[in-house]
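I have placed the structure first, in the form of structure tokens, so that the comments after it can refer back to it.
The values are calculated or read from the model by the stated rules, or taken from the named source; none is laboratory data. The structure presented is a predicted model; accordingly, all values stated were derived computationally and were not measured. Note that we place each Cβ from the backbone using ideal geometry, even for glycine, and neighbour counts take in every protein chain shown. SASA here: full protein model, heavy atoms, side chains in, ligands and nucleic acids out. Shrake-Rupley method; radii C 1.70, N 1.55, O 1.52, S 1.80 Å.
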Amino acid sequence: MHITSHLTVACIYFSCLVMEGFCGRDYYKILNVAKNANTNQIKKAYRKLAKDLHPDKNKDDPSAQEKFHDLGAAYEVLSDSEKREKYDKYGEEGLKEGGGGHGDPFSSFFGGDFGFFGGGGNRGQQETPKGADVVIELEVTLEELYSGNFVEVVRNKPVAKPASGTRKCNCRQEMVTHQMGPGRFSMTQNTVCDECPNVQFVTEEKLLEIEIEAGMRDGQEHSFVAEGEPHLEGEPGDLKIRIVTKPHPVYERRGDDLYCNVTLSLLEALTGFEMQLKHLDGHFVSVSRETTTWPGAKIRKKNEGMPNYDNNNQFGTLFITFDGNSLCMCQITDGESDAAVKECLPGSSHAYSRPQCFPVVVMNEVLFLTFWLTLFFCSGVSQSSFHSRGKRE
């Protein structure tokens, strides 16, 4: 009775192993989605898991790279309707066999010839050669990195197609024993190859959809499994899309923080200002100051920087630097300094509004010195004129 139960358990365990080897990895389980999940649900699940399982965030996990690669393979298949249909019918082995689904599960489980009697079953343990990875730099705007976007890229990929004739494949070195005489043998190493159907590479155009996630940083890569250079004897390499940020005319990014320079007129620098800065997604940031603004002064606006890549609910800081670029020469009489400044300097209103800020060169020391000499000169002339009029009277 006990023997029968043990045999039953062993058979069930053996059957599970055989079926796992036949079906391969469960891509739906890897992505944690249902088998009837639509494309958007698959993309959403992949984006979430790609952040959680990224090797850079799991440096202490030795299997992190393998898990991340499995995730990419699952997304590559399930996001492609043709590959997904083939996978649903034949499993992962069906994809490797070109859709036939007739792969022998015992071959991968025991080796090519079951390996029971030294039939060379270790061939399946050899490392599968892989084609070269292809790295493409994709230029994106700061607006896209702030809000996120989907970008379509056309990929011209070499694809293997059947051709007439045969070719040598799976070449390997084998030891061959020769009998030289009674009790005498010699061993030589020969190159042995299999005969495989011939193939030719044809360039095909494929449209790839790349998601620019909010908060992505310069140099980050998005991988497409098996979309790189093909290998005649193995698997194709991966396609890696590397993010490159385009220079922005207004804002400069440093980590999750944004930096911007604002040009102030002399009127605004002396009497204060109020302005609206247009942000990357179109909303406006209110900036105002009622006192004198020194050249090089900075204002910080928290939570107005870039979104954090790992947590889009967190934002960096916006740093605004103010510069001055205009002066005037005028007489200022006692008791009417503010009015005189507003009349003789550019601008007619205390509150000045701009649709956005513009980058400028910081006012140098010479301009700064001239600024204060001008005020001193205007004030000196005004007082001199007042005293002269008093003496004549």
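The amide H of Ala297, built 1.01 Å from its N in the peptide plane, has Phe322 as neighbours under 5 Å, considering only residues 5 or more places off or on other chains.
Label-to-label distance for Asp61 and Tyr309 is 1.7 nm, based on points extended 7 Å past Cα in the beta-carbon direction.
Estimated at the nearest 10 Å², the accessible area of His231 is 70 Å² with a 1.4 Å probe. Extending 7 Å from the Cα toward the beta-carbon at both Glu211 and His69 defines two label points whose distance is 2.3 nm.
Can you figure out the FRET efficiency of Phe201 with Arg25, using R₀ = 45 Å and their beta-carbon distance, to the nearest 0.05? Calculated value: 0.95.
Residue pairs exceeding 18 angstrom between C-alpha atoms, taken from Lys51/Lys206; Lys29/Lys157; Lys35/Lys86; Lys43/Lys83; Lys51/Lys240: Lys51/Lys206; Lys29/Lys157.
Extension gain Gln276-Glu221, at 0.36 nm per residue separation less the Cα-Cα distance, in nm? Before the final figure, lay out the partial values.
On the way: separation 55, 0.36 × 55 = 19.80 nm, distance 3.53 nm.
Here the answer is 16.3 nm.
Summarising the overall dimensions of segment 245-320 from its C-alpha atoms, the Rg and Dmax are 13.6, 43 angstrom.
How much length would be gained if the chain were fully extended between Met180 and His283, taking 0.36 nm per residue of separation minus their Cα-Cα distance, in nm to one decimal? Show your work: numbers first, answer last.
On the way: separation 103, 0.36 × 103 = 37.08 nm, distance 8.89 nm.
Computed gain between Met180 and His283 is 28.2 nm.
Backbone N atoms of segment 148-176 closer than 17 Å to the 7 Å Cα→Cβ label point of Thr128 belong to residues 160, 170-171.
Going by accessible surface with a 1.4 Å probe and the largest first, Cys171, Cys260 read Cys171, Cys260.
Between the C-alpha center of segment 69-90 and that of segment 253-310 there is a gap of 48 Å.
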